[in-house]
């Protein structure tokens, strides 16, 4: 019989081979929940809290060709793209959400949240929870990772894009590249002028694969309490 380390390595390599054969990743072995809170500068104003209707996990390395194509299109820098590929990062895509307000709860819609021009948002906070797939009897647990995007950080990127007319949409990332916002540029005609607005239409969280099982304490309700609307 082989030594324990050898057996563990063999088991791990066998699992990886099975996942590659099925075109699955470790992230596919989990169920995820994401909540998005738009925190306002006015402290007396409750956050706008949303639950993501469906979380789509994708391993960054599975999309190597698309990432490198983005480099050619100047969507990302080569340095940041290579860094993401080397990290073996999990992308958690969130295209649709539903409000946690009691009067509209259960109404799922495509993301459509005006980010600019407005000056009342302090930051966007995303809360990630997970559990092993098939363990429906177990509660979702909080993943110990920080996902925040401050107003000043995304406003700089929007202001840089305001004068550009070549792209309708754009992708923005926070300084530590844990949150990516997919934003659409739209033009609204008012009686007196034409207004350009930038709306959030999707977002994506980036999580290193080795943090998938870094769970904290408490349940969903505990972590949502500071952001829950009245």
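The values are calculated or read from the model by the stated rules, or taken from the named source; none is laboratory data. Just so you know, these numbers come straight off a predicted model, no measurement behind them. When we count neighbours, we look across all protein chains shown, and the Cβ atoms used for this are built from the backbone with ideal geometry, even at glycine.
Some notes on this structure:
- The single condition among (1) outside any loop (DSSP other than H, G, I, E, B); (2) surrounded by 11 or more Cβ atoms within 10 Å (Cβ to Cβ); (3) out of contact with any strand residue (DSSP E or B) (no Cβ under 7 Å at 6 or more places or on another chain) that residue 118 does not meet is (1).
- Count of residues meeting criterion [farther than 14 Å from residue 114 by Cβ, in a strand (DSSP E or B) and in contact (Cβ under 8 Å) with a residue 24 or more places away in the chain] in region 181-230: 8
- The requirement of being within 30 Å of residue 28 (Cβ to Cβ) and assigned to a loop (DSSP other than H, G, I, E, B) is not satisfied by residue 148.
- Just one of the numbered conditions (1) under 22 Å from residue 50 (Cα atoms); (2) surrounded by 15 or more Cβ atoms within 10 Å (Cβ to Cβ); (3) modelled with pLDDT of 85 or more is not true of residue 139: (2).
- Only one of the numbered conditions (1) under 16 Å from the mean Cα position of the chain (by Cα); (2) surrounded by fewer than 17 Cβ atoms within 10 Å (Cβ to Cβ); (3) in a strand (DSSP E or B) is violated by residue 170, and that is (2).
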